[in-house]
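Visitor: The following block contains the structure, expressed as structure tokens.
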Amino acid sequence: MSEPLVDLADLRLTLGKGAVAVEVLKGATLAVEAGESVGIVGPSGSGKSTLLMVMAGLERVQSGRVRVAGADLSAMDEDQLALFRGRHVGIVFQSFHLVPNMTALENVAVPLELAGIPQAFERARAELAAVGLAQRTGHYPAEMSGGEQQRVAIARALVGRPDIVIADEPTGNLDAATGGQVADLLFAKQAERGATLVLVTHDASLARRCSRMVHVSGGRIVAGPDATTEAAPVAVSGAAAALSAAGA
């Protein structure tokens, strides 16, 4: 039996020290197969976004197994993790995290340049065209709508042909109509590329579009309804990490 693309086991993570210490993950275990789409839902503060950050190598756990695309992320230093993300992981944040003084083309090319991948700008231009922004390559984030900015972010996440795309509240900063369009694009590209998609969302209807829905509560993965069944909306708020897009 082949190894899951994402293999997280008994993850434990405490943030802060002393009186302000918070146990964020309390033995969370999750396996995601290649090509799956998984929607993660749960109450605010339950550890959903932290789980994504661990999966991307942006947060380290105190104990537990973290294997993604066959690699042990716990054994890597920061430079190795950055290189790993550039080659295997695409990240879409709620607040876009585009570099404001870079054009759309430059924003999408950044992860390729950091990973030392050739023809970065040619590939970035093709990726922007694939998300419907061929005419916006020279525009800066402030010159684009929220939906266009998130399309740039999706292009940036996909341009390296990653094994896994991680999305933290990808429609959280958008109105319903624009959010629906962005979600359609994200699922279409995931299916087209055969990538694995793991997303955190407060929107149960969006989570149900995934092949599987995972519920997080109190730092653990708990039993919940299947993604194909009706589930009551889960009122949560996103905790998008204020992290550098360049490190993604």
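The values are calculated or read from the model by the stated rules, or taken from the named source; none is laboratory data. Quantities reported herein were computed from a predicted structural model and do not represent experimental measurements. FYI the Cβ positions are ideal-geometry reconstructions off the backbone, even for glycines, and counts take in every protein chain you see. We work out accessible area using only protein heavy atoms, side chains counted, and drop any ligands, DNA or RNA first. Shrake-Rupley method; radii C 1.70, N 1.55, O 1.52, S 1.80 Å.
Visitor: Please get the size of the charge dipole for the chain, origin at its Cα centre, with Cβ charges of +1 on Lys and Arg and -1 on Asp and Glu, quoted in debye to the nearest 20.
Guide: 160 debye
Visitor: Something else now. For a bin width of 5 Å, list the pair-distance distribution of segment 23-150 built from all Cα-Cα distances, rounded to whole %.
Guide: Answer for segment 23-150: a P(r) of 2, 9, 17, 18, 17, 16, 12, 7, 2, 0 percent.
Visitor: What fraction, in whole percent, of alpha-carbon pairs in the chain exceed 22 Å separation? All intermediate terms of the calculation are to be shown ahead of the outcome.
Guide: Numbers: 15644 of 30628 pairs.
In whole percent, the share of Cα-Cα pairs in the chain beyond 22 Å is 51.
Visitor: Counting only C-alpha contacts under 8 Å and six or more residues apart, can you give the relative contact order of the chain as a whole percent?
Guide: For the chain, the relative contact order is 29 percent.
Visitor: OK, next. Would you calculate a helix-derived [θ] at 222 nm for the chain, using -39,500 (n - 2.57) for each DSSP H run of n ≥ 4 and dividing by the full residue count, to the nearest 500?
Guide: One gets -9000 deg cm²/dmol as the mean residue ellipticity at 222 nm.
Visitor: Counting Lys +1, Arg +1, Asp -1, Glu -1, what net charge surrounds GLY219 among other residues with beta carbon under 15 Å of its beta carbon?
Guide: Values: positive: ARG12, LYS26, LYS48, ARG220; negative: ASP10, GLU23, GLU59.
That works out to +1.
Visitor: From the phi of every residue in segment 36-43, what ³J(HN,Hα) in whole Hz does the Karplus formula 6.51 cos²θ - 1.76 cosθ + 1.60 yield, where θ is phi - 60° and glycine or proline is x?
Guide: Rounded to whole hertz, the list is 6, 10, 10, x, 9, 10, x, x.
Visitor: Which is farthest toward the positive dipole end of the chain among PHE93, ALA195, ALA21, measuring Cα position about the Cα centre, with Cβ charges +1 (Lys, Arg) and -1 (Asp, Glu)?
Guide: Going by the charge dipole, the pick is ALA21.
Visitor: Return the percentage of antiparallel bridges among DSSP beta bridges fully within the chain, rounded to the nearest 5 %.
Guide: Of those bridges, close to 50 percent are antiparallel.
Visitor: Taking Cα centroids, how far is segment 110-128 from segment 153-177 in Å?
Guide: Centre-to-centre (Cα) distance: 17 Å.
Visitor: So if R0 is 45 Å, what FRET efficiency would SER145 and ALA71 give, r being the distance between their Cβ atoms, rounded to the nearest 0.05?
Guide: Calculated transfer efficiency: 0.75.
Visitor: In the chain, with Lys and Arg counted as +1 and Asp and Glu as -1 at Cβ, which of these residues, ALA69, ALA130, VAL182, has the Cα nearest the positive end of the dipole, that is, farthest along it?
Guide: ALA69
Visitor: Quick one: which of 44-57, 126-139 comes out on top by average Cβ neighbours within 10 Å, and what's the full order, highest first?
Guide: For the peptides 44-57, 126-139, the packing ranking is 44-57, 126-139.
Visitor: So how much accessible area does GLU59 have, in Å² to the nearest 10, using a 1.4 Å probe?
Guide: Approximately 60 Å² for this residue.
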